[in-house]
Amino acid sequence: MNSEKIEELMEKSGFTFKDIKLLKSINKKNNTTLLNELIELERRFYRSLFALLFVFFVAACIFLIAGKMNLIGFFISLVLTIPLALYITAFKLSYKSFIFMKKYKRLI
């Protein structure tokens, strides 16, 4: 499938012009195709989701085991680091790629 058709399907799937432009610039820098970047973002979504579930599992264990002072410090660090980690890993873009690949994987 050509790049123009993929871009059209991406727009229908919720990608903004800014998202598509960002992916194109990454493609030029890495000499990859748009489809390769979408597949990599889909894989990144699975890894990020697993990491988030692991962090929440650890938080639940610490909540059950730790003392009050350790608990407060842990939750303060969680509140500060999770949004930063989601921003750095481009969680929103990887979620869009996950939805896109789920819808159109058979067509591509």
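What residue, of Leu107, Leu86, Leu80, Leu93, is in a loop (DSSP other than H, G, I, E, B) and either among the polar types (S, T, N, Q) or out of contact with any Phe, Trp or Tyr (no Cβ under 8 Å at 6 or more places or on another chain) (or both)?
Leu107
Quick test for you: out of Phe100, Phe74, pick the one residue that is surrounded by 14 or more Cβ atoms within 10 Å (Cβ to Cβ) and at pLDDT below 90.
Phe74
Are any of the residues in the stretch 7-15 surrounded by 15 or more Cβ atoms within 10 Å (Cβ to Cβ) and either among the acidic types (Asp, Glu) or under 19 Å from Tyr87 (Cβ atoms) (or both)?
Looking for residues that are surrounded by 15 or more Cβ atoms within 10 Å (Cβ to Cβ) and either among the acidic types (Asp, Glu) or under 19 Å from Tyr87 (Cβ atoms) (or both), one finds at least one in the stretch 7-15, hence yes.
Count, please, the residues in the stretch 5-40 that happen to be closer than 14 Å to Lys105 by Cα and among the hydrophobic types (A, V, I, L, M, F, W, C).
7
Take the residues in the stretch 27-39 that are surrounded by fewer than 15 Cβ atoms within 10 Å (Cβ to Cβ) and free of Cβ contacts under 8 Å to residues at least 24 places away in the same chain; name whichever of them is nearest to Phe98 (Cα to Cα).
Asn36
Asn2 versus (1) under 18 Å from the mean Cα position of the chain (by Cα); (2) within 19 Å of Lys105 (Cβ to Cβ): which is the lone unmet condition?
(1)
Of (1) surrounded by 14 or more Cβ atoms within 10 Å (Cβ to Cβ); (2) within 15 Å of Ser97 (Cβ to Cβ), Arg47 satisfies all except one. Which?
That leaves (1) as the condition not met.
Restricting to the stretch 2-59, name every residue that is outside any helix (DSSP H, G or I) and on the phi < 0 side of the Ramachandran plot.
Listed by number, the residues that qualify are Asn2, Phe15, Thr16, Thr32, Thr33.
The values are calculated or read from the model by the stated rules, or taken from the named source; none is laboratory data. Fair warning: this is a prediction, and the values are worked out from it, not measured in the lab. Positions of Cβ are generated from backbone atoms using ideal geometry, with glycine treated the same way; all protein chains shown enter the neighbour counts.
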